Amino acid sequence: MTTSTTSTISTTSPEFDLIARHFTRPARRGVLGIGDDCALLDVTPGKQLAVSTDTLVSGVHFFADTDAHMLGHKALAVNLSDLAAMGASPRYCTLAITLPQIDDVWLGDFARGFFGLADQYDVVLIGGDTTRGPLSMTLTVLGQVAPGRALQRDHAHTGDDIWVSAALGGAAMALRHLRDGMVLPKQHVQTALMRLHMPQPRIALGLRLSGLAGAEIAAIDVSDGLIADLGHICARSGLGADVDWKKIPLHPALLAEDEKTRMACALAGGDDYELCFTAPPSRRAAIAAMADDMALPLTLIGAMKAGNVVVVRDAQGEAIKVPTAGFDHFARASAKK
């Protein structure tokens, strides 16, 4: 006599449960979102797709004990900043997250920060991956831009103005405060920390610059330091740049520091995610009007020139030696935490 047994196989797993609890939402846009092997997307006719991918690694791009809500915001913000620098409108994103273990409280806070910013810019999470290992996250963002309107780095010309949004150096000061114990003025601690932990992608500015009729504009987001990032525009456009140090807009936390610290943070500190862009001098009035309309300071800091280097000059027009050149993942792998 034989006995038959029926075995049952669970259709769920900790990984899929995690995704369902924290990252699955009804798809507001697209044909098919999370749940299958691939997402299916609608692409607006007459638009080009802008795609960017970034990875954030614990101990390299953020402290291991960074608040999960802030980290969720920043993980998406730094990717949306790339779309802003192209003048693209955000549409979709994917998230691949590696976790040491499943922590529902941490994941809930991370998801709230992530979706808080996603909802602000109507970004739909359409897929990704989860796995176990040292904490890191890789995001891919997808946006769209009208043909011929992307703010490409190779669009700068000799004589173009160089502009930067808001103020620089706040995130670098916050990093020194957390990592090195630098004492910041009490009234500026919170704003500096927010620049580091919860940067605001300049999507609206990128879209407005993209809409300037007849103007070829180059742009980049300031993630690795103004001089390093402006250098990327120079390299792609085959030009050099002159920057007036005294015109650089500084975060208030920097004003009480010595010149060397101010330069290191504002010129090479990075993590502010402001936009640096070039435009013909004929567009100055339009850009000034744009700044007033958006209530966002836009500062003219220099000009593009023939050559292949970025030169920072003092009030007398003399070249200044910049303390550091900006963040490099492989040359200084432990410098940015």
Completion exercise
Counting only residues that are farther than 16 Å from PHE62 by Cβ and either surrounded by fewer than 19 Cβ atoms within 10 Å (Cβ to Cβ) or without any contact (Cβ under 8 Å) to a residue 12 or more places away in the chain (or both), the range 104-115 contains a total of 5
Practice task
Give the range 204-213 a look and list any residue that's part of a helix (DSSP H, G or I) and surrounded by fewer than 23 Cβ atoms within 10 Å (Cβ to Cβ), or say none.
Solution key: ALA204, LEU207, ARG208, SER210
Problem - Selection within the range 83-98 - touching a helix residue (DSSP H, G or I) at 6+ places or on another chain (Cβ under 9 Å), closer than 18 Å to HIS73 by Cβ and either of a type in the set (D, E, K, R) or in a strand (DSSP E or B) (or both) - result: PRO90, CYS93, LEU95, ILE97
Exercise for the section: Output the qualifying pairs, or none if there are none: Cβ atoms under 7 angstrom, residues six or more apart or on different chains, first residue in the range 213-233 and touching a residue at least 40 places away in the same chain (Cβ under 8 Å), second residue open to solvent by 20 Å² or more (accessible area, probe 1.4 Å) and of a type in the set (Lys, Arg). Expected result: ALA215/ARG283; ALA218/ARG153; ILE220/ARG153; HIS232/ARG153; ILE233/ARG153
Exercise for the section: Give me the pairs, please: first residue somewhere in the range 168-187 and over 20 Å from PRO249 (Cα atoms), second residue anywhere and exposed (fewer than 12 other Cβ atoms within 10 Å of the Cβ), beta-carbon distance under 9 Å, and either six or more positions apart or on two chains. Expected result: HIS177/VAL183
Handout entry: Residues (open to solvent by 10 Å² or more (accessible area, probe 1.4 Å) and either under 20 Å from ASP160 (Cα atoms) or part of a helix (DSSP H, G or I) (or both)) located in the range 186-202
Key = LYS186, GLN187, HIS188, VAL189, GLN190, THR191, LEU193, MET194, ARG195, HIS197
Practice task
Filter the range 36-68 for residues that are open to solvent by 70 Å² or more (accessible area, probe 1.4 Å), of a type outside the set (D, E, K, R) and either modelled with pLDDT of 90 or more or closer than 15 Å to LEU125 by Cβ (or both) and give the result.
Solution key: CYS38, LEU40, PRO45, GLN48, LEU49, VAL51, THR53, ALA64
Exercise for the section: Please state which one of ALA75, ALA118 is under 30 Å from ILE301 (Cα atoms), part of a helix (DSSP H, G or I) and open to solvent by less than 10 Å² (accessible area, probe 1.4 Å). Expected result: ALA75
Handout entry: Yes/no for LEU230 being part of a helix (DSSP H, G or I), within 18 Å of TYR121 (Cβ to Cβ), out of contact with any Lys or Arg (no Cβ under 9 Å at 6 or more places or on another chain) and open to solvent by less than 10 Å² (accessible area, probe 1.4 Å)
Key = no
Problem - Unmet criterion (only one of (1) touching a Ser or Thr at 6+ places or on another chain (Cβ under 6 Å); (2) among the aromatic types (Phe, Trp, Tyr); (3) more than 30 Å from ARG149 (Cβ to Cβ)) for TRP245 - result: (1)
Fill in the blank from the handout: Only unsatisfied item for ALA256, checking (1) of a type outside the set (Ser, Thr, Tyr); (2) at pLDDT 95 or above; (3) outside any helix (DSSP H, G or I), is (2)
Handout entry: Residues satisfying the stated conditions in the range 154-174, i.e. open to solvent by 20 Å² or more (accessible area, probe 1.4 Å) and part of a helix (DSSP H, G or I)
Key = ASP154, HIS155
Practice task
Quickly run through the range 85-98 and pick out the residues that are among the aliphatic types (A, V, I, L, M), open to solvent by 10 Å² or more (accessible area, probe 1.4 Å) and without any contact (Cβ under 8 Å) to a residue 60 or more places away in the chain.
Solution key: ALA96
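For every residue, the table says whether it meets (1) at pLDDT 95 or above; (2) buried (at least 18 other Cβ atoms within 10 Å of the Cβ); (3) over 24 Å from the mean Cα position of the chain (by Cα).
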| site | (1), (2), (3) |
| --- | --- |
| ASP244 | yes, no, yes |
| MET290 | yes, yes, no |
| ILE301 | yes, yes, no |
| MET304 | yes, yes, no |
| ALA315 | no, no, yes |
| LYS321 | no, no, yes |
| HIS329 | no, no, no |
| SER334 | no, no, no |
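The values are calculated or read from the model by the stated rules, or taken from the named source; none is laboratory data. These numbers were taken from a predicted model, which means no experiment stands behind them. FYI the Cβ positions are ideal-geometry reconstructions off the backbone, even for glycines, and counts take in every protein chain you see. Note: accessible area is taken over every heavy atom of the protein model, side chains too, but ligands, DNA and RNA are not part of it. Shrake-Rupley method; radii C 1.70, N 1.55, O 1.52, S 1.80 Å.
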